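Since the structure comes first, as structure tokens, the remarks are kept for the end.
The values are calculated or read from the model by the stated rules, or taken from the named source; none is laboratory data. These numbers were taken from a predicted model, which means no experiment stands behind them. All Cβ positions, even for glycine, are placed from backbone atoms using ideal geometry, and neighbour counts span all protein chains on display.
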């Protein structure tokens, strides 16, 4: 992230409007849990987990030494995702039971700040069977109905109803909800990416 920030900043020739180039980015790396090391809290400062869930990243125990099969004889499905954000809307973790929470921590835009001011905190979250990670552009939460925005609460409410759905189904339902809210007139580009751990 820092290398990309530096590359954008160092080659940032102003365009005719006098503004330099910048971008937002959401980066996620999915690995078996023993390849990414210790877990960290999934929520950014200022966001609280739902009642009864002190830390979703700590709920699941290890799958077994060296990724060995579980006592049932099945291969473990748990994965660890490492997330870094750069000015992008925070992704949502949807648990298999329908719990939906924002994960990751906000990071600075790429191509704007010097190294000492730019921050791209990494958060690691455990995903188990049936869990899904949802990334989306701001065109989703900024979909408008008059002066009202679709917003984060409608985003979470929509995703809570997606438990058990396929990744494609989750993405299609979220896009459809934003489009329906906006009366079929989405003003901004909308992209949704859903990654789901199979059951």
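What the table shows:
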{"item": "Of the criteria (1) surrounded by fewer than 18 Cβ atoms within 10 Å (Cβ to Cβ); (2) touching a helix residue (DSSP H, G or I) at 6+ places or on another chain (Cβ under 8 Å); (3) in contact (Cβ under 8 Å) with a residue 24 or more places away in the chain, which one residue 198 fails", "result": "(2)"}
{"item": "Residue that is nearest to residue 97 (Cα to Cα) [pool: residues in segment 128-137 that are surrounded by fewer than 23 Cβ atoms within 10 Å (Cβ to Cβ) and in contact (Cβ under 8 Å) with a residue 60 or more places away in the chain]", "result": "130"}
{"item": "Residues being modelled with pLDDT under 70 and over 20 Å from the mean Cα position of the chain (by Cα) - total across segment 8-34", "result": "9"}
{"item": "Condition met for residue 101 (closer than 21 Å to residue 35 by Cα and either in a strand (DSSP E or B) or without any contact (Cβ under 8 Å) to a residue 60 or more places away in the chain (or both))", "result": "no"}
{"item": "Selection count, segment 157-177, where residues are closer than 14 Å to residue 198 by Cβ, part of a helix (DSSP H, G or I) and either touching a residue at least 40 places away in the same chain (Cβ under 8 Å) or in contact with a strand residue (DSSP E or B) (Cβ under 7 Å, 6 or more places away or on another chain) (or both)", "result": "2"}
{"item": "Matching residues in segment 178-189 - criterion: being at pLDDT 90 or above and part of a loop (DSSP other than H, G, I, E, B)", "result": "182, 183"}
{"item": "Identity of the residue in segment 96-127, on the phi > 0 side of the Ramachandran plot and in contact with a helix residue (DSSP H, G or I) (Cβ under 7 Å, 6 or more places away or on another chain), that ends up surrounded by the fewest Cβ atoms within 10 Å (Cβ to Cβ)", "result": "98"}
{"item": "Top-ranked residue in segment 142-156 [being in contact with a strand residue (DSSP E or B) (Cβ under 8 Å, 6 or more places away or on another chain) and surrounded by fewer than 19 Cβ atoms within 10 Å (Cβ to Cβ); ranked as nearest to residue 93 (Cα to Cα)]", "result": "156"}
